[in-house]
Ligand code: NIG
Ligand code: FE
């Protein structure tokens, strides 16, 4: 069994347990930092966490030191690997025309109405072979790892036919198989109504929802192609009723739930919370009256400021309002070709600090342990504690606050995924 010892860690951010459930309120800032730390990983798991001095005095370690791979972190910062709990990696081309149109003043919704947006990514996915899609996803996973992400939620959602959605999920599965990190697959058949269900621009939305519920979902469940079902629930996408119909069908197939909510317009959360989704994402427009009920649950509000940044919006999700209300917040990249083509969690964290007034400590907890809650993997991911998976990220920094501070640069020098190291320091 492979054993790796990280020593001479300047600041180890452990995020060790601060009680039950996702972090809320003040506990979002409790990082559990150990100075001059060491972490021992054996067989892909963390087995001990403490100071370098104590680690080097340990009798078992002394005896076995020759068999252990030792990595000197040179006083750098080490965090739990990021959990990016919202990405859309299965697409072929960037959307450069949308990008230019937006620069000239068109909005996300106007571009979508004119045939751009999500629908313009469908063709590429439908025409691509499974192996071409797998290569795309693999490249994304490698890039994510190089930025410190060790667990990623990955959605389908640009195929929007039975065949192309299954092909997308198969590509995620194939790429995940080759990657040492952890992938959580999500079926997002309800991302948009595809063109063949729009007749004379009159949407045959309900027929497409029936296809998602009655044909796609059963195959996803039977072939275990996804752990979650997601719905883009918003103005111009799927309505509250359609979302509830899809959630109910997913529940019948024992699939867990998450949704895109309140990106473009306000939608009341009560009907969705009844289904106990793991996460509600975006949340730019949320009714104040819904916050107490949300705070009572373990449903995480996953905020994705990369989308606000890239769409050129001046308004960002109101993280302070959520945190003050006791809602558990996570941060994710929302990596996708239309609204957020970044796979850098430090960039998302930097935006959260500068535009959403989250502190660097809060941003780190939201990008790690609360991300793990958002994908229901908090038992094994998101903190550096004995018994959890050996997922770590080392940064060219000596203070954890530098991680969101140096925006736009990748300062991650080593990632350990389930005990497997990769990166320039290795
Ligand atoms: O999370 N809002 C829906 N889905 C994506 C955008 C997808 C796209 O434009 O391709 C999002 O922002
Ligand atoms: Fe998204």
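Quick one: is residue 98 part of a helix (DSSP H, G or I) and within 16 Å of ligand 2 (Cβ to nearest atom)?
Values: part of a helix (DSSP H, G or I): yes; within 16 Å of ligand 2 (Cβ to nearest atom): yes.
In short, yes.
Please find, within the stretch 318-339, the residue that is farthest from residue 30 (Cα to Cα) out of those that are within 16 Å of ligand 1 (Cβ to nearest atom) and touching a strand residue (DSSP E or B) at 6+ places or on another chain (Cβ under 9 Å). Working first, answer last.
Start the filter on the stretch 318-339 by keeping residues that are within 16 Å of ligand 1 (Cβ to nearest atom), which leaves 330-339.
Adding the requirement that they be touching a strand residue (DSSP E or B) at 6+ places or on another chain (Cβ under 9 Å) leaves 330-336.
Working: 330: 15, 331: 17, 332: 20, 333: 23, 334: 25, 335: 28, 336: 31 Å.
Among them, the one singled out is 336.
Answer yes or no as to whether residue 314 is away from ligand 2 (no atom under 16 Å from the Cβ) and without any contact (Cβ under 8 Å) to a residue 24 or more places away in the chain. Please lay out each step first, then the result.
Working: away from ligand 2 (no atom under 16 Å from the Cβ): yes; without any contact (Cβ under 8 Å) to a residue 24 or more places away in the chain: yes.
In short, yes.
Being more than 15 Å from ligand 1 (Cβ to nearest atom) and surrounded by 21 or more Cβ atoms within 10 Å (Cβ to Cβ) is the filter here; which residues of the stretch 226-245 pass it?
If the condition is that a residue be more than 15 Å from ligand 1 (Cβ to nearest atom) and surrounded by 21 or more Cβ atoms within 10 Å (Cβ to Cβ), then 226 is the only one that fits.
So, in the stretch 65-89, how many residues would count as being outside any strand (DSSP E or B), in contact with a strand residue (DSSP E or B) (Cβ under 9 Å, 6 or more places away or on another chain) and away from ligand 1 (no atom under 16 Å from the Cβ)?
Of all residues in the stretch 65-89, those outside any strand (DSSP E or B) come to 65-68, 73-76, 81, 88-89.
Next, from what is left, pick out any that are in contact with a strand residue (DSSP E or B) (Cβ under 9 Å, 6 or more places away or on another chain): 65, 67-68, 73-76, 81, 88-89.
Next cut, away from ligand 1 (no atom under 16 Å from the Cβ) only: 65, 67-68, 73-76, 81.
So the count comes out to 8.
With 141, 162 as the choices, which residue is modelled with pLDDT of 95 or more, touching a helix residue (DSSP H, G or I) at 6+ places or on another chain (Cβ under 8 Å) and buried (at least 18 other Cβ atoms within 10 Å of the Cβ)? Quick ask: steps written out before the conclusion?
Details: 162 fails: buried (at least 18 other Cβ atoms within 10 Å of the Cβ).
It is 141.
Given the options 125, 152, name the one that is surrounded by 24 or more Cβ atoms within 10 Å (Cβ to Cβ), part of a helix (DSSP H, G or I) and within 16 Å of ligand 2 (Cβ to nearest atom). Even if it seems obvious, please write down each step before you answer.
Working: 152 fails: part of a helix (DSSP H, G or I).
Exactly one of 125, 152 is surrounded by 24 or more Cβ atoms within 10 Å (Cβ to Cβ), part of a helix (DSSP H, G or I) and within 16 Å of ligand 2 (Cβ to nearest atom), namely 125.
What pairs can you find where one residue is in the stretch 322-336 and under 16 Å from residue 348 (Cβ atoms), the other is at pLDDT below 95 and near ligand 1 (Cβ under 10 Å from one of its atoms), and their Cβ atoms are less than 8 Å apart, with a gap of 6+ or different chains?
Partner pairs satisfying both residue conditions: none exist.
Take the residues in the stretch 323-343 that are away from ligand 2 (no atom under 16 Å from the Cβ) and in a loop (DSSP other than H, G, I, E, B); name whichever of them is surrounded by the fewest Cβ atoms within 10 Å (Cβ to Cβ).
326
The values are calculated or read from the model by the stated rules, or taken from the named source; none is laboratory data. Please read all numbers here as calculations on a predicted model, not as lab measurements. As a convention, Cβ positions derive from the backbone with ideal geometry for all residues, glycine included, and neighbour counts pool all protein chains shown.
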